[in-house]
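Asker: My questions all concern the structure below.
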Amino acid sequence: MKIHFHKPPPGGRDPEFQHAVVLTSLFVLAVLVGLFLPARLTPICIFHKLTGLPCFSCGMVRSWHLLLGMEWSAAVRMQPLLVLLLACATVWTSYGWVVSLFRLPRLRIEDISRRTKCVILWGFIALVLVNWAYLIAMKI
């Protein structure tokens with residue numbers, strides 16, 4: 001695995017800027033929907049209805065409403081994976097805006113081995129399964 005900083009070519013494609021625009025737009029849309037859609041209108045989880053168990057994403061809408069209401073700890077207790085994903089998206093979006101606006105060198109990770117890719121994939125799967133076990137234990 002090789003990690004380095006790469007100066008973007010002038011007038012070239014800028015993936016960091018594109019990601020920042022898309023993620024910022026999605027965030028604004030999610031805030032608007034969250035503010036104007038009452039919390040009681042959350043979607044019905046078919047998996048939960050059929051099995052009695054929460055799905056791995058159960059509680060995300062309720063957690064989002066708690067985040068919008070500045071109830072951070074309640075949001076983390078409701079759906080920790082959502083809060084973690086939002087934190088990562090916030091860091092990535094901030095990085096994208098900063099490097100795009102100031103034309104800074106971009107972080108590049110190249111030559112990732114197949115083993116490293118598998119570790120990352122299985123780590124993400126484990127994270128989702130641990131979150132799901134938490135939701136089942138908390139009876140969300």
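Asker: Based on Cβ point charges of +1 for Lys and Arg and -1 for Asp and Glu, what charge dipole magnitude is obtained for the range 2-138 about its Cα centre, in debye rounded to the nearest 20?
Answerer: So the magnitude is around 280 debye.
Asker: What list do you get for Thr42, Thr116 if you sort them by fewest beta carbons within 10 Å?
Answerer: Placing the least packed residue first, the sequence is Thr116, Thr42.
Asker: Taking amide H positions as placed in the peptide plane 1.01 Å from N, state which residues far from Arg106 in sequence (5 or more) or on other chains have amide H under 5 Å from it.
Answerer: Close amide H contacts, sequence-distant or interchain: His6, Lys7.
Asker: If you don't mind, there's one more thing I want to ask. Calculate for the chain the 222 nm mean residue ellipticity that helices alone would give, adding -39,500 (n - 2.57) per DSSP H run of length 4 or more and normalising by residue count, nearest 500 deg cm²/dmol.
Answerer: Here the helix-only value at 222 nm equals -21500 deg cm²/dmol.
Asker: Measure nothing but the geometry: give the 0 to 90° angle between the long axis through the Cα atoms of 80-101 and the longest principal axis through the Cα atoms of the chain, rounded to 10°.
Answerer: Relative to the chain, helix 80-101 is tipped by roughly 20 degrees.
Asker: Which lysines, on any chain, are close to Lys49 with Cα under 19 Å apart, when same-chain ones fewer than 8 places away are left out?
Answerer: Lys139
Asker: As a test of understanding, state the convex hull volume per residue of the chain from its alpha carbons, in Å³.
Answerer: 145
Asker: Compute from the Cα atoms of the range 79-140 the Rg and the Dmax, the latter being the longest Cα-Cα distance, and quote both in angstrom.
Answerer: When restricted to the Cα atoms of the range 79-140, Rg and Dmax are 16.1, 48 Å.
Throughout, read-outs are computed from the coordinates displayed, never taken from laboratory work. Remember, it's a predicted structure, so these values are computed and weren't measured experimentally. Glycine also receives a Cβ, built like all others from the backbone with ideal geometry; neighbour counts cover every protein chain displayed.
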